[in-house]
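Enquirer: Mind looking over this structure? Questions follow.
The values are calculated or read from the model by the stated rules, or taken from the named source; none is laboratory data. All of these numbers come straight from a predicted model, not from anything done at the bench. For neighbour counting, all protein chains shown are included, and Cβ atoms are generated from backbone atoms with ideal geometry for every residue, glycine included. Side chains included, ligands, DNA and RNA excluded: accessible areas come from the protein's heavy atoms. Shrake-Rupley method; radii C 1.70, N 1.55, O 1.52, S 1.80 Å.
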Amino acid sequence: MSAPAAKPKPRLNPVRTKIREVEPKERIRGFGEVIIPYSREEAIAEAQRCIQCGKPWCQEACPIGQDARGYIKLMAQGDFDAAAAKIVWENPLAACLTKVCYHFCEDACPVGKKGEPIAIRHLKRAAFEYGKPAQPYEPAPKIGKKVAIIGAGPAGIMAAWTLGKLGYDITVFEASRAIGGLMTMSIPSYRLTKGTFEKDLERMMKLGVDFRLGVRVGRDKNFEDLFKSGYDAVFVAIGTTEPQGIKIPGVNTPGVLMALDMLIDINMGKTVYMGKNVAVIGGGDVAMDSVRSALRLGAGKVTLVYRRSREEMPASDDEIAETQAEGIEFMYLTAPLEILGKDHVAGLKCQKMQLGEPDESGRRKPIPIPGSEFVLDVDTVILAIGQQPNLSGIPPETGIVVNKKGVIEGDPQTTATKKQGVYAGGGTSVVHAMAAGKKAALAIDQFLRGK
Ligand SMILES: Cc1cc2nc3c(=O)[nH]c(=O)nc-3n(C[C@H](O)[C@H](O)[C@H](O)COP(=O)(O)OP(=O)(O)OC[C@H]3O[C@@H](n4cnc5c(N)ncnc54)[C@H](O)[C@@H]3O)c2cc1C
């Protein structure tokens, strides 16, 4: 008898199911969401484009190892409940990540080599739109050990969730009055819509994590006292909450705003006065959120001033595309020299740049072009240069270092610091911070079990 004929391989469809967005001229009128999620049918069609690779490239590229191939298969079969349950089982910030993840999985998707990669983040979103991830997390029987976590951002939350499920008693000390770190504090609601994080938090509540809000370790609580008051291990997850300044004349002139402070104020519902002609200095995602927010606050013209070219820009492609669609002018190869004006900003003196050899960051270094100075007519300048950690109150003997990306870290394998029982980590994206939190939690578990 002859062998049965091999099943024909499904033909690869290189064209992504289009995701719709609210029209730019409509969306810039407020802080409502930009993305219109897939319909159920669109999500199934997109999920069916997945070729279910033998090797899970998407999962391997995900810092927290989320099994995208697995939940996409369920969605291709129309089982959204099972897909949503699978997603939340591995991920306490799943709802947030459907909206803000930089989807490293998509960069690794082999379909992208023939056309557009599977729209994994939009599919994950659809799993929540049409499926019900009812399952709350169950803690294992109590272990009788206590872990303190400093900082309730994505790193701290991931560590609390992982250790909470393993049966540890967890207390999270958070300096601000909110849970979620920079993610919930500063990402504008046109991307991370109000109420999204609350859905994630609700699922976590059964783990009994004790969040102590408004407690800054180093100010309201002494770091050393944590061990004295019975904690067996500490995870330092303090993030990068301090905006970085820039050393040019005029930075203290009224009308100069720090991007991070401005975005936090907007999210807290405070009134932020915006000028008519605005320049935002920077090229990362915080800069993109700043120009887009300035526009939504009524600025007439917003210009992004960036000293390198598009190629070196650290902002994500999605955010750059959405920003440009909203009519923001990008002024590349332009560095600020001085903020003009006495009682208020009256202009931004700039100089054109050209690119030289790569510097220590690996990106080509901007070099000033002599005689190319000019003045940009602006009445508001927003500085979106970057953030750094505030290590005050964290004992130096922990040996916690700030890495090249500006993130605190302990041992690269375990996040352990030089002080026994103290671990440290964070990340430049939500999912990277979560990965650090997971790594710390697993190392703490090993340590406390005496392994
Ligand atoms: C405007 C903006 C937009 C962004 N957009 C995206 C995006 O679209 N996608 C993405 O993946 N990432 C984005 N990020 C980055 C992302 O928010 C961060 O990478 C992530 O929040 C880092 O998590 P973390 O837990 O390490 O630290 P953080 O989120 O910074 O949290 C640290 C927490 O520790 C608290 N804390 C600090 N010191 C103390 C102390 N001594 N005692 C007690 N508590 C303390 C802080 O109040 C804070 O809540 C964005 C960031 C910004 C600013």
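Enquirer: At 37 °C and 0.692 mPa s, what whole-number value in µm²/s does Stokes-Einstein give for the translational diffusion of segment 217-257, with Rh from the Kirkwood sum over Cα pairs? Each step should come with its number before you reach the end.
Expert: Numbers: Rh = 14.0 Å.
The estimated diffusion coefficient comes to 235 µm²/s.
Enquirer: Arg20 accessible area, nearest 10 Å², 1.4 Å probe?
Expert: Estimated to the nearest 10 Å², Arg20 gives 110 Å².
Enquirer: How large is ³J(HN,Hα) for each residue in segment 318-324, as worked out from phi by the Karplus curve 6.51 cos²θ - 1.76 cosθ + 1.60 (θ = phi - 60°), to whole Hz, x for Gly and Pro?
Expert: Result, ordered by residue: 4, 5, 5, 4, 5, 5, 5 Hz.
Enquirer: May I ask for the net charge around Gly275, where only other residues with Cβ less than 12 Å from the Cβ of Gly275 are counted and Lys, Arg are +1 while Asp, Glu are -1? Mind dumping the intermediate values first?
Expert: Working: positive: Lys276, Lys301; negative: Asp377, Asp379.
Computed value for this residue: 0.
Enquirer: Here is a further query. If amide H atoms are built 1.01 Å from N in the plane of the peptide, which residues on other chains or at least 5 residues away come under 5 Å of the amide H of Val302?
Expert: Hits under the 5 Å cutoff: Val278, Glu329.
Enquirer: How long are the three semi-axes of the equivalent ellipsoid for segment 224-301, computed from the Cα gyration tensor as the root of 5 times each eigenvalue, in whole Å, largest first? If you can, show how the numbers build up before the last one.
Expert: On the way: eigenvalues 243, 46, 28 Å².
In descending order the semi-axes read 35, 15, 12 Å.
Enquirer: Using the C-alpha atoms of segment 60-106, what convex hull volume per residue, in cubic angstrom, is computed? Spell out each step's value before the answer.
Expert: Details: hull volume 3.4 nm³, N = 47.
It is 73 Å³ per residue.
Enquirer: In Å², and per residue, what accessible area does the chain have when probed at 1.4 Å with the other protein chains present?
Expert: Details: 21040 Å² over 451 residues.
In whole numbers, the chain has 47 Å² accessible per residue.
Enquirer: Carbon and sulfur: what percent of segment 26-172's accessible surface (1.4 Å probe)? Mind showing how you got there, number by number?
Expert: Working: 3000 of 5550 Å².
Answer for segment 26-172 is 54 percent, counting heavy atoms of protein chains only.
Enquirer: Asp81 to Lys404: extension gain in nm, 0.36 nm per residue of separation minus the Cα-Cα distance?
Expert: Values: separation 323, 0.36 × 323 = 116.28 nm, distance 4.12 nm.
Stretched fully, the Asp81-Lys404 segment lengthens by 112.2 nm.
Enquirer: Could you give the spread of the C-alpha atoms of segment 170-285 along their three principal axes, from largest to smallest, in whole angstroms?
Expert: The principal-axis extents, from largest down, are 54, 33, 24 Å.
Enquirer: So, counting K/R as plus one and D/E as minus one, what does the shell of residues with Cβ under 13 Å around Ala259 add up to?
Expert: Working: positive: Arg292; negative: Glu242, Asp261, Asp265, Asp285, Asp289.
Local net charge: -4.
Enquirer: Something else now. Which of the three applies to segment 409-451, rounded, prolate or oblate, going by the alpha-carbon gyration tensor with a ≥ b ≥ c and a/c under 1.5 meaning rounded?
Expert: Oblate, since a/c reaches 1.5 and b/c is not below a/b.
Enquirer: Here's another thing I want to ask about it. Percent antiparallel among DSSP beta bridges with both residues in the chain, to the nearest 5? Don't skip to the answer; put the middle values down first.
Expert: Details: 20 of 52 bridges.
In the chain, approximately 40 percent of DSSP beta bridges are antiparallel ones.
Enquirer: Here's another thing I want to ask about it. In terms of modelled amide H atoms, which long-range or inter-chain residues lie less than 5 Å from the amide H of Phe235?
Expert: When sequence neighbours closer than 5 places are left aside, the close amide H contacts are Ala148, Ile149, Ile150, Tyr423.
Enquirer: List every residue whose amide H lies under 5 Å from the amide H of Tyr137, counting only residues 5 or more places away in sequence or on a different chain, with H placed 1.01 Å from N in the peptide plane.
Expert: Result for Tyr137 returns Lys206.
Enquirer: Turning to a different aspect of this structure: Could you sort 156-167, 195-206 so that the peptide with the highest average Cβ count within 10 Å comes first and the rest follow in order?
Expert: Numbers: 156-167: 25.3, 195-206: 16.1.
Peptide ranking by packing, descending: 156-167, 195-206.
Enquirer: Still on this structure: Please name which of Gly54, Ser39, Ile266 has its Cα lying farthest along the dipole of the chain towards the positive end, using unit charges on Cβ (Lys, Arg +1; Asp, Glu -1) and the Cα centre as origin.
Expert: So the residue furthest toward the plus end is Gly54.
Enquirer: Excluding same-chain residues fewer than 8 positions from Lys18, which lysines have a Cα within less than 22 Å of its Cα?
Expert: Once the sequence-local lysines are set aside, what remains near Lys18 is Lys73, Lys99, Lys113, Lys114, Lys124.
Enquirer: Something else about it: Provide the per-residue ³J(HN,Hα) series for segment 165-179, in order, calculated from phi with Karplus coefficients 6.51, -1.76, 1.60 and θ = phi - 60°, each as a whole number of Hz, with x at glycine and proline positions.
Expert: Values, residue by residue: 5, 7, x, 7, 8, 10, 10, 10, 9, 10, 5, 8, 9, 10, 9 Hz.
Enquirer: In debye, nearest 20: dipole of segment 98-216 around its Cα centre with unit charges on the Cβ of K, R (+) and D, E (-)?
Expert: My answer is approximately 40 debye.
Enquirer: With viscosity set to 1.567 mPa s at 4 °C, what whole-number translational diffusion coefficient in µm²/s follows for segment 349-434 from Stokes-Einstein and a Kirkwood radius over Cα pairs? Kindly include the intermediate steps, with their values, before the conclusion.
Expert: Details: Rh = 16.6 Å.
In µm²/s, the coefficient is 78.
Enquirer: May I pose another question? As a test of the definition: which semi-axes, in Å, follow for segment 71-214 when you take the square root of five times each eigenvalue of its alpha carbon gyration tensor? Largest first, please.
Expert: Details: eigenvalues 167, 67, 36 Å².
So the equivalent ellipsoid measures 29, 18, 13 Å along its semi-axes.
Enquirer: Roughly how far apart, in whole Å, are the Cα centres of segment 101-122 and segment 333-386?
Expert: 35
Enquirer: Only Lys, Arg, Asp and Glu count, each charged at its Cβ (+1, +1, -1, -1), so figure out the dipole size of the chain about its Cα centre, rounded to 20 debye.
Expert: Values: 60 positive and 52 negative charges, 183 e Å.
The dipole magnitude comes to about 880 debye.
Enquirer: Using a 1.4 Å probe and ignoring any ligands, DNA or RNA, find the accessible area of Cys62 and quote it in Å² to the nearest 10.
Expert: 30
Enquirer: Nearest 500 deg cm²/dmol is fine: what mean residue ellipticity at 222 nm does the chain get from its DSSP H runs of n ≥ 4 alone, each adding -39,500 (n - 2.57), divided by its residue count?
Expert: Result for the chain, helices only: -9000 deg cm²/dmol.
Enquirer: Two decimals, Cα atoms only, Kirkwood Rh: what is Rg/Rh over segment 79-133?
Expert: On the way: Rg = 11.6 Å, Rh = 11.6 Å.
We get a ratio of 1.01 for segment 79-133.
Enquirer: Can you give the accessible area of Asp107, probe radius 1.4 Å, in Å² rounded to 10?
Expert: 120
Enquirer: Right, something else. Describe numerically, in nm with one decimal, the distance between label points set 7 Å from Cα along Cα→Cβ at Lys206 and at Arg11.
Expert: That separation, rounded to one decimal, is 4.6 nm.
Enquirer: Assign one of three labels to segment 284-430, namely rounded, prolate or oblate, based on the Cα gyration tensor with a ≥ b ≥ c the square roots of its eigenvalues; rounded applies when a/c is under 1.5, prolate when it is not and a/b is larger than b/c, and oblate otherwise. Let's see the in-between values first.
Expert: Values: a/c = 2.05, a/b = 1.88, b/c = 1.10.
The shape class here is prolate.
Enquirer: Under the rule a/c < 1.5 gives rounded, and otherwise a/b versus b/c splits prolate from oblate, where does the chain land using the Cα gyration tensor? If you can, show how the numbers build up before the last one.
Expert: On the way: a/c = 1.79, a/b = 1.16, b/c = 1.55.
It comes out oblate by the Cα gyration axes.
Enquirer: Using only the alpha carbons of segment 1-119, what is the convex hull's orientation-averaged projected area in square nanometres? Mind showing how you got there, number by number?
Expert: Numbers: hull surface 38.9 nm².
Value for segment 1-119: 9.7 nm².
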